[in-house]
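Participant: Provided herewith is a single structure, encoded as structure tokens, for subsequent inquiry.
Bear in mind these aren't lab numbers, they're just calculated from the coordinates by the rules spelled out. Predicted model only: the values in this text are computed from it and were never measured. Here the Cβ positions follow ideal geometry from the backbone for every residue, glycine too, while neighbour counts run over all protein chains shown.
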Amino acid sequence: MMPQPILCQTPTRGLLNLTHARQIRFCDVHLQRSWRFVCFITWNNGDEQTFDVKDAKAIAQTMKKITQTK
């Protein structure tokens, strides 16, 4: 049986299926004299992507929703 897709609509990077994520990490990064909320995703195929502020917040909200429903 295939896992249920975990879909996340991001403001600038489109629709993501987080089911294919091996690891998702969030942190605040200091860039150009300010702190920015960032998300790092390692996908099942080993690719890595970084998502900045608005997209990172959308991913965090999706993850919060799915962890609350389990």
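Participant: Given the options 62, 19, 67, 42, name the one that is among the β-branched types (Val, Ile, Thr) and within 9 Å of the chain's Cα centre (by Cα).
Facilitator: Values: 19 fails: within 9 Å of the chain's Cα centre (by Cα); 67 fails: within 9 Å of the chain's Cα centre (by Cα); 42 fails: within 9 Å of the chain's Cα centre (by Cα).
Only one candidate qualifies: 62.
Participant: If a residue must be out of contact with any Phe, Trp or Tyr (no Cβ under 9 Å at 6 or more places or on another chain) and closer than 18 Å to residue 6 by Cα, how many such residues does the range 23-46 contain?
Facilitator: Step one: list which residues in the range 23-46 are out of contact with any Phe, Trp or Tyr (no Cβ under 9 Å at 6 or more places or on another chain), which gives 30-36, 42-46.
Subset that is closer than 18 Å to residue 6 by Cα: 42-45.
Residues meeting the conditions: 4.
Participant: Let me ask something additional. Does any residue of the range 16-29 turn out to be out of contact with any strand residue (DSSP E or B) (no Cβ under 7 Å at 6 or more places or on another chain) and either loosely packed, with under 10 Cβ neighbours inside 10 Å or of a type outside the set (Val, Ile, Thr) (or both)?
Facilitator: If we filter the range 16-29 for residues that are out of contact with any strand residue (DSSP E or B) (no Cβ under 7 Å at 6 or more places or on another chain), which is where we start, we get 19.
Next cut, either loosely packed, with under 10 Cβ neighbours inside 10 Å or of a type outside the set (Val, Ile, Thr) (or both) only: none.
No, there is no match, as no residue in the range 16-29 is out of contact with any strand residue (DSSP E or B) (no Cβ under 7 Å at 6 or more places or on another chain) and either loosely packed, with under 10 Cβ neighbours inside 10 Å or of a type outside the set (Val, Ile, Thr) (or both).
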